[in-house]
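Read-outs throughout are calculated quantities, based only on the coordinates presented, and are distinct from any laboratory measurement. Model, not experiment: these values are computed from the prediction. Cβ coordinates were reconstructed from backbone atoms using ideal geometry, including for glycine residues, and neighbour counts include every protein chain displayed.
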């Protein structure tokens, strides 16, 4: 019987987010951090992943402005962020004009609301 | 040691239908018409077909849908979908199946009525860990790649624009291209921004269109009316699905597929007479010129400057006008192979590359995700 109380990594990640926490995975044996959440380290297969709170420190790896009509919410940023722990993820850099986001910019994560759901967003340090 | 597929199979017919605007016709109708044209070119009938390879953006099980519509009971089929490069992969799989005797006449087919049906369509699932941020994919992903390439290598928007201008100049020589007329670097720079740094004119067309190709084993290739064009080399690679999982946004998996395709074909970059590079966005052409070894990493921008890949330039690239100015119904890969075949048969009219014997047709799928390189040659290259 499957224990329905045991959530998969994706649901665990979203549960943490709903609690305001940005958690990533780390392999105990190799120390390698993993994002997005998985059952095992991609490529090498270690299954000893444990959750750890992300430092929240990151650097903009690339950035674009999604041009959007004002009546549809206006322009917004999409960025790829390299976390200090290693993994890269997609997010938005907020609290700044979308055109002012630059590659190499230091940013810090926070759990914020996007369309009614908690998401990991970033703001300039 | 793998057995080489070099020259094992050949294209003996191609067809296209409704490229541009085809209101009132379904994706399957455009696909089927293309197949009928390709079979007629090959001197074959639907009843001769026993291998079906297909991918579209509207059919979840395309091989079955296509076979049923045409009335084919295939002995071998594949509806594998790796985005716009599916068709290069189908050509590789068709060569394998033909060589192994699993089928005798293979069709590769595609159809889309996206332009008339209201715009870009995809049956892709939302990307987990990305969709919530609302990237306007595919363009957002390619914009991120372009931005990083500009940052790392000093590539400029003018360099990107040169790609679009060259494509338009080729399209102006192709009566079947959808976009005609003068286009300047300035026009591209001034066009409405979609996702920085890509303007509307850095992005491919949104057209309708069907396409098809017929392949047979090489030992039967001369039994057909048209001069056969042989598949000399093909290889596939993919390293990611989501753009956030791409290891380096300035290096595509074409760095893997290219060398393997060249090795199978037994030729080098200097031997290639024309390149068809999947140009969904202007950055693509620059990335693939680098990744396939036609210039060094980072030098793609300066490489395309000054009309080098335009008509009259040193290296003919995207001679049909490409996805930027000829046709792009959503999944463009098959059109790169059809243009390669057209050129190698010497039937490309005003845009004909003189004495073309070897062509490279490179497919890209997803968000720079799948890369499939194919190399084609006429009989002299066997």
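If you look at just the Cα atoms of segment B:130-178, how large are its Rg and its Dmax in Å?
In Å, with Rg to one decimal and Dmax whole: 14.8, 43.
Determine, from the Cβ-Cβ distance of residue B:61 and residue A:125 and an R0 of 41 Å, the FRET efficiency 1/(1 + (r/R0)^6), rounded to the nearest 0.05. Write out the running numbers ahead of the final one.
Details: r = 49 Å, r/R0 = 1.21.
E between residue B:61 and residue A:125, to the nearest 0.05, is 0.25.
I need two numbers for segment B:1-139: Rg to one decimal and Dmax as a whole number, Cα atoms only, in Å.
16.5, 51
Give the distance, in whole Å, between the Cα centre of segment A:1-53 and the Cα centre of segment B:114-164.
First find each Cα centre; the distance between them is then 29 Å.
Against the longest principal axis of chain B, how steep is helix B:27-42, in degrees 0 to 90 to the nearest 10, with axes from Cα atoms?
Value to nearest ten degrees: 60.
For chain B, count all C-alpha to C-alpha pairs, find those more than 29 Å apart, and express that count as a whole percent of the total. Present the calculation step by step, with values, prior to reporting the outcome.
Numbers: 25096 of 72771 pairs.
Percent of Cα pairs beyond 29 Å in chain B: 34.
Across peptide A:53-66, what mean number of C-beta atoms from other chains lies inside 10 Å of a residue's C-beta?
Partner-chain Cβ atoms within 10 Å, mean over residues of A:53-66: 5.
When the expected Rg is taken as 2.2 N^0.38 Å, what fraction or multiple of it is the alpha-carbon Rg of the protein assembly as shown?
Numbers: Rg = 23.4 Å, N = 507, 2.2 N^0.38 = 23.5 Å.
That ratio works out to 1.00.
When the convex hull of the C-alpha atoms of segment B:174-222 is computed, what volume per residue in Å³ does it have?
With only Cα atoms used, segment B:174-222 gives 166 Å³ per residue.
For chain A, take the longest principal axis of its alpha carbons; what is the angle in degrees between that and the long axis of helix A:9-18, to the nearest 10 within 0 to 90?
Helix A:9-18 and the main axis of chain A meet at about 50 degrees.
Provide a whole-number value for the mean count of partner chain Cβ atoms within 10 Å of the Cβ atoms in peptide A:87-94. Don't skip to the end; give the middle numbers.
Working: counts 2, 6, 6, 14, 5, 4, 0, 0.
Average per residue, whole number: 5.
So for B:121, B:282, fewest C-beta neighbours within 10 Å to most, what's the order? Before the final figure, lay out each step's value.
Working: B:121 17, B:282 31.
Ranking B:121, B:282 by Cβ neighbours within 10 Å, fewest first, gives B:121, B:282.
May I ask for the percentage of alpha-carbon pairs in segment B:319-371 that lie more than 18 Å from each other?
On the way: 456 of 1378 pairs.
Here the long-distance tail beyond 18 Å is 33 percent of all Cα pairs in segment B:319-371.
Using alpha carbons only, how many degrees (0 to 90, rounded to 10) separate the axis of helix B:86-99 from the longest principal axis of chain B?
That helix lies at roughly 30 degrees to the long axis.
How compact and how long is segment A:9-124, expressed as Rg and Dmax of its alpha-carbon atoms in Å?
So, for segment A:9-124, Rg and Dmax equal 15.1, 51 Å respectively.
Any idea how far the Cα center of segment B:272-329 sits from the one of segment A:67-112, in Å?
Taking the Cα centre of segment A:67-112 as reference, the centre of segment B:272-329 is 31 Å away.
Where does segment B:250-335 land on Rg(C-alpha)/(2.2 N^0.38 Å)?
Numbers: Rg = 12.6 Å, N = 86, 2.2 N^0.38 = 12.0 Å.
My calculation over the Cα atoms of segment B:250-335 gives 1.05.
Hey, can you rank B:220-229, B:202-211 by average C-beta count inside 10 Å, highest first?
Working: B:220-229: 17.6, B:202-211: 26.2.
Sorting B:220-229, B:202-211 by mean packing, highest first, produces B:202-211, B:220-229.
Among DSSP beta bridges whose residues both lie in chain B, state the antiparallel percentage, nearest 5. Could you put the intermediate results ahead of the total?
On the way: 38 of 51 bridges.
The answer is about 75 percent antiparallel.
Of the residues B:126, B:74, B:135, which exhibits the maximal mean-square fluctuation in a Gaussian network model of chain B defined by a 10 Å Cα contact cut-off?
Comparing B:126, B:74, B:135 in the GNM, the peak value goes to B:126.
Can you work out the base-10 log of I(q)/I(0) for segment B:164-267 at q = 0.18, 0.20 1/Å, using the Debye formula on its C-alpha atoms alone?
Relative scattering, expressed as log10 I(q)/I(0), comes to -1.16, -1.13.
Take the alpha carbon atoms of segment B:330-347, find their center, do the same for segment B:31-68, and report the distance between the two centers in whole angstrom.
17 Å
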